[in-house]
Every structure is written in structure tokens, then in C-alpha cells.
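Notes follow once the structure below has been shown.
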Amino acid sequence: MAVYVDDMQAPFGRMVMCHMWADTLPELLDMVDRIGVARKWLQQPPKASWVHFDIAKSKRALAVRFGAIETDRFGPAEHCARLLLTSDNPETVARGERQLEAVANCRARRAGEVQGSLI
């Protein structure tokens, strides 16, 4: 069980925001309580793709200090795909597998772009 923060940097007013999510809702709520984010900012379906908070960079630093795992911009997609894998529906599981493959391909392509730019 874990809490995650991605490296997204979306401007919101005078702040820069990223996503924070967890394997379970209690873990996520415990972390927002620890870092001082109001629970009312919880985002969840149907208004959001998955259960998460948008948090400021300063809160991200606190979350990491309290044990949150840093991930890249593909972390949320990977998390949602892994949730699909827990389904009893074979079609849903297959969709999750395809999404995980797409995430791996995106990461590989991005790594190639980064390596190519360093040469």
C-alpha cells in the first residue's frame, strides 16, 4: 500500500500543481491530513478519471518527506490500468493490460527522446 505523487507541473493561479493518489482511500486521506490539504478537494469519478488530489509543489515536497512515492507523468495512467487488472471481467483486464503496454511504450519513447537529446 502506498501514496504516489507525479511530476506534473500545471499552473493554477500562483501555484504549480501535481497529482497525489494512493492504493486506498484511507491512505490518501491520511496523507492529505498530514500535509494540510483539505479533504474537500478530493477529486473522484464522475467528475475526475480517478480518485486523487491536485496539490501544490510545496505540499508535494511534504508528501514525499512523509513517504509518498515519486512517479512520472504516466503514473496516474499506470495506476488506473492496474485497477482494471483487478476486475473479474476478462475484457476489463485486457483493457488494463493494453493500457499498461501503452504506458511502457510511452516511457520507452520518452527515454529515447531524452537519451537522443543528450548526444
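Histogrammed with a bin width of 10 Å, the alpha carbon distances of the stretch 75-118 distribute as 31, 39, 20, 9, 1 percent, first bin at zero.
For the stretch 18-119, the extents of the C-alpha atoms along the principal axes are 44, 39, 23 Å, listed from largest to smallest.
Can you tell me the convex hull volume per residue for the stretch 3-70, based on C-alpha atoms, in Å³ to the nearest whole number?
Details: hull volume 5.8 nm³, N = 68.
In the stretch 3-70, the Cα hull volume divided by residue count equals 85 Å³.
Counting Lys and Arg as +1 and Asp and Glu as -1 over every other residue whose Cβ lies under 12 Å from the Cβ of Leu84, the net charge comes to -1.
Relative contact order of the chain, taken over Cα pairs closer than 8 Å and 6 or more residues apart, is 24 percent. For the stretch 1-71, which trypsin sites (Lys or Arg not before Pro) pass both filters: DSSP loop (anything but H, G, I, E, B) and at most 11 other C-beta atoms within 10 Å? Those that pass, being in a loop and sparsely packed, are Arg14, Lys47. The dipole here belongs to the stretch 3-70: it is taken about the Cα centre, uses +1 on the Cβ of Lys and Arg and -1 on the Cβ of Asp and Glu, and is about 360 debye. Between Phe66, Phe12, Phe53, the Gaussian network model of the chain with springs among Cα atoms under 10 angstrom shows the greatest mean-square fluctuation at Phe12.
Kyte-Doolittle cut-off -1.0, length cut-off 24 Å along the helix's own axis using Cα: show which whole DSSP H helices in the chain pass. Write out the running numbers ahead of the final one.
Details: long enough: 90-118 (42 Å, -0.68).
Helices passing the filter in the chain: 90-118.
Basic side chains Lys and Arg get +1 at the Cβ, acidic Asp and Glu get -1 at the Cβ, and with that the dipole of the chain about its Cα centre reaches some 520 debye.
Taken together, the values in this text are just the output of simple stated rules run on the coordinates, not laboratory data. These numbers come from a predicted model, not from an experiment. No Cβ is skipped: glycine too gets one built from the backbone with ideal geometry, and neighbour counts run over all protein chains shown.
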